[in-house]
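A short write-up of the structure that comes next.
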Amino acid sequence: MAAVLALHSSSEVLGVGVRWLDAPSGLAGRTVVRAFPLGRELSNQLFSCIEQLLPAEQWPQLSRLAVATGPGGFTGTRLTVVLARTLAQQLQLPLDGVGSFLLVARRQGIGEPTWLVQELPRRGVVAGLYAPAGPDRAIIELQAPRLFAPDTPLPPGPQLSAAALLPNDVEQLLELSVQAADQGLAAPWQPVLPSYPTSPVAGL
């Protein structure tokens with residue numbers, strides 16, 4: 001049995017998804033996604049939530065991993081990225097790291113270059129630019145999310161909220177990872193790191 005495990009914790013809600021790729025009759029192609037509104041309890045309940053979908057004794061049967069890399073909360077995003085990196089290293093699995101804003105852009109089905117924006121009280125706006133490209137009109141990231149100070153206007157163009165929606169965004173994450181697997185794309189775990197447009201130690 002082979003499966004893909006996807007993790008998303010760039011918001012106050014943990015998203016977990018599993019797609020079975022090669023499994024006994026009735027399981028192959030099946031996708032299960034769940035959302036867990038954990039907030040600050042993420043560090044205490046992360047493993048138990050994953051095991052509700054995929055018990056730990058089945059983790060060696062995984063064939064690929066995917067994780068949302070943010071932007072998001074410093075601690076929440078870091079926890080799932082570190083776990084995904086550790087599993088990928090220990091199980092020798094490919095790991096797809098995907099920005100959470102890109103997942104939102106795919107879910108929204110944008111049809112033109114669009115800014116995905118997330119307001120930060122008193123600090124400004126985090127924004128990234130996304131657009132469809134190529135013959136298949138796949139959504140790609142044109143500009144990675146970065147912080148615009150309160151007195152810095154965004155470049156012109158349509159804007160949409162970058163708020164995560166779980167478990168829907170986990171479905172997008174699974175889909176991208178399965179596509180990468182089908183294409184035989186390498187996905188080393190080493191480059192997969194959390195995205196922090198703002199410094200977690202600013203002002204210290």
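Here are the numbers for the structure shown:
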{"read-out": "Residue check, Gln172 out of contact with any His (no Cβ under 7 Å at 6 or more places or on another chain), assigned to a loop (DSSP other than H, G, I, E, B) and either outside the structural domain of Arg19 (by TED's automatic domain parsing) or modelled with pLDDT of 95 or more (or both)", "value": "no"}
{"read-out": "Qualifying positions in the stretch 149-171 - under 22 Å from the mean Cα position of the chain (by Cα) and of a type outside the set (A, V, I, L, M)", "value": "Gln159, Ser161, Pro167, Asn168, Asp169, Glu171"}
{"read-out": "Residues of the stretch 56-84 satisfying the condition of being among the hydrophobic types (A, V, I, L, M, F, W, C) and outside any helix (DSSP H, G or I)", "value": "Leu62, Leu65, Ala66, Val67, Ala68"}
{"read-out": "Qualifying position, being free of Cβ contacts under 8 Å to residues at least 40 places away in the same chain and basic (Lys, Arg), among Arg34, Arg30, Arg19", "value": "Arg30"}
{"read-out": "Condition met for Ala180 (surrounded by 12 or more Cβ atoms within 10 Å (Cβ to Cβ) and assigned to a loop (DSSP other than H, G, I, E, B))", "value": "no"}
{"read-out": "Residues located in the stretch 162-193, provided they are touching a helix residue (DSSP H, G or I) at 6+ places or on another chain (Cβ under 8 Å) and either on the phi > 0 side of the Ramachandran plot or among the small types (Gly, Ala, Ser) (or both)", "value": "Ala162, Ala163, Ala164, Ala187"}
{"read-out": "Test: residue in the stretch 91-102 that is outside any loop (DSSP other than H, G, I, E, B), of a type in the set (Phe, Trp, Tyr) and touching a helix residue (DSSP H, G or I) at 6+ places or on another chain (Cβ under 6 Å)", "value": "no"}
{"read-out": "Which numbered condition Asp151 fails, given (1) under 22 Å from Gly76 (Cβ atoms); (2) surrounded by fewer than 12 Cβ atoms within 10 Å (Cβ to Cβ)", "value": "(1)"}
{"read-out": "Residue within the stretch 111-128 that is among the hydroxyl-bearing types (Ser, Thr, Tyr) and either assigned to a loop (DSSP other than H, G, I, E, B) or free of Cβ contacts under 8 Å to residues at least 24 places away in the same chain (or both) present", "value": "no"}
{"read-out": "Failed item, numbered, when Asp136 is tested on (1) closer than 20 Å to Gly157 by Cβ; (2) more than 17 Å from the chain's Cα centre (by Cα)", "value": "(1)"}
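Per-residue answers, yes or no, for (1) outside the structural domain of Thr152 (by TED's automatic domain parsing); (2) surrounded by fewer than 18 Cβ atoms within 10 Å (Cβ to Cβ):
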{"residue": "Thr80", "(1), (2)": "yes, no"}
{"residue": "Gln90", "(1), (2)": "yes, yes"}
{"residue": "Thr114", "(1), (2)": "no, no"}
{"residue": "Val125", "(1), (2)": "no, no"}
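The values are calculated or read from the model by the stated rules, or taken from the named source; none is laboratory data. Since the model is a prediction, treat every value here as computed from it, not as a measurement. Virtual Cβ from ideal backbone geometry, glycine too; neighbours counted across all protein chains shown.
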